[in-house]
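What follows is a short report on a single structure.
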Amino acid sequence: MLDFLFANAESSTLTLGTTIMVILSALVLGLGISLVYIQTHKKEEYSASFTIALIMLPAIIAMIILLVDNNVARAFSLAGAFSLIRFRSAAADSKDIACVFFTLGVGLACGIGYIGYAALFTLIICLVLIVLTKINFGKSQRSPMRLKIVLPEDMDYHGVFDNVLKEYTTDYKLLKVKTTEFGSLFEITYNVVLKDMAKSKRFIDALRCKNGNLNVALSMCENSEHAVF
């Protein structure tokens, strides 16, 4: 049994039983990847359709490898067919892209016949993903925030808030400037990282002294992992 799991498809005759074994193994490993993906993401950060795709992809890739079976003509035919596919949405998170390549690698290993190596690869990568998520690897200690400042139309906003921003933030970046109230006011938006959250009221008061006591809004970014600096 172990010899079969760690032997490639070329060393054994491809039968219906072998094909079913490969497809079921790919589905089981895809399910494991999908469950780990769910456990390492917040509920609002992933879609149900993507988790289903993670289960299906290894089996699909494994089936493609079985169909090609060292036939160059089939390989080029499949490549031509897949070149016609256009995806309606792109993955927004680099972790999602990594998971897609993860499932492709598992499916490729299963299709070739290295089911044991595919399972070992899946186990190691899933454990690494769980550990990195648990220790919050790579996450900033301070969460970025979204700052919106309203100011009069006749006010030159270039550099007017720089002194205040440098005093109360460790990093800031101007995102956009737009007009409001039929062009009578400007609204400028920053991404900022505060030095001390306890001083946020002083920070807002200092900004209001600069913008003529108009509205100043400070809120958490909708997705702090994708905040731009």
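In segment 75-88 there is no residue matching the filter, namely being at pLDDT 70 or above and either part of a loop (DSSP other than H, G, I, E, B) or β-branched (Val, Ile, Thr) (or both).
Number of residues in segment 151-174 that are open to solvent by less than 70 Å² (accessible area, probe 1.4 Å) and within 32 Å of the chain's Cα centre (by Cα): the value is 5.
Out of segment 176-202, which residues are within 15 Å of residue 150 (Cβ to Cβ), open to solvent by 70 Å² or more (accessible area, probe 1.4 Å) and among the aliphatic types (A, V, I, L, M)?
The answer is none; no residue qualifies.
If I ask for residues that are of a type in the set (A, V, I, L, M) and either in contact with a helix residue (DSSP H, G or I) (Cβ under 9 Å, 6 or more places away or on another chain) or at pLDDT 90 or above (or both), which ones from segment 133-151 would you list? Across segment 133-151, the qualifying residues are 145, 147, 149, 150, 151.
Cβ separations smaller than 9 Å between residues 6+ apart or across chains give the following pairs from segment 186-203 residues that are farther than 14 Å from residue 172 by Cα and among the charged types (D, E, K, R) to residues that are open to solvent by 30 Å² or more (accessible area, probe 1.4 Å) and in a strand (DSSP E or B): 187/148; 187/176; 187/177; 187/178; 187/179; 187/180.
Checked against the criteria, residue 120 does not count as hydrophobic (A, V, I, L, M, F, W, C), free of Cβ contacts under 8 Å to residues at least 24 places away in the same chain, surrounded by fewer than 17 Cβ atoms within 10 Å (Cβ to Cβ) and assigned to a strand (DSSP E or B).
Remark: pairs (first residue in segment 26-41, open to solvent by 50 Å² or more (accessible area, probe 1.4 Å); second residue of a type in the set (A, V, I, L, M); Cβ separation under 6 Å; 6+ apart in sequence or on different chains) = 27/59; 31/55. The set of residues from segment 42-69 being buried (at least 18 other Cβ atoms within 10 Å of the Cβ) and over 17 Å from residue 104 (Cα atoms) comprises just one member, 46.
Of note, residue 163 does not satisfy the criterion of being over 30 Å from residue 106 (Cα atoms) and in contact (Cβ under 8 Å) with a residue 60 or more places away in the chain. Taken over segment 129-150, the residue count meeting the criterion of being among the β-branched types (Val, Ile, Thr), open to solvent by less than 70 Å² (accessible area, probe 1.4 Å) and closer than 22 Å to residue 96 by Cα is 2.
The values are calculated or read from the model by the stated rules, or taken from the named source; none is laboratory data. Treat the numbers as computed from the prediction; the structure is a model and nothing was measured. Cβ: placed from backbone, ideal geometry, glycine included. Neighbour counts: every protein chain shown. Remember, those area values only see protein heavy atoms, side chains included, never the ligands or the DNA or RNA. Shrake-Rupley method; radii C 1.70, N 1.55, O 1.52, S 1.80 Å.
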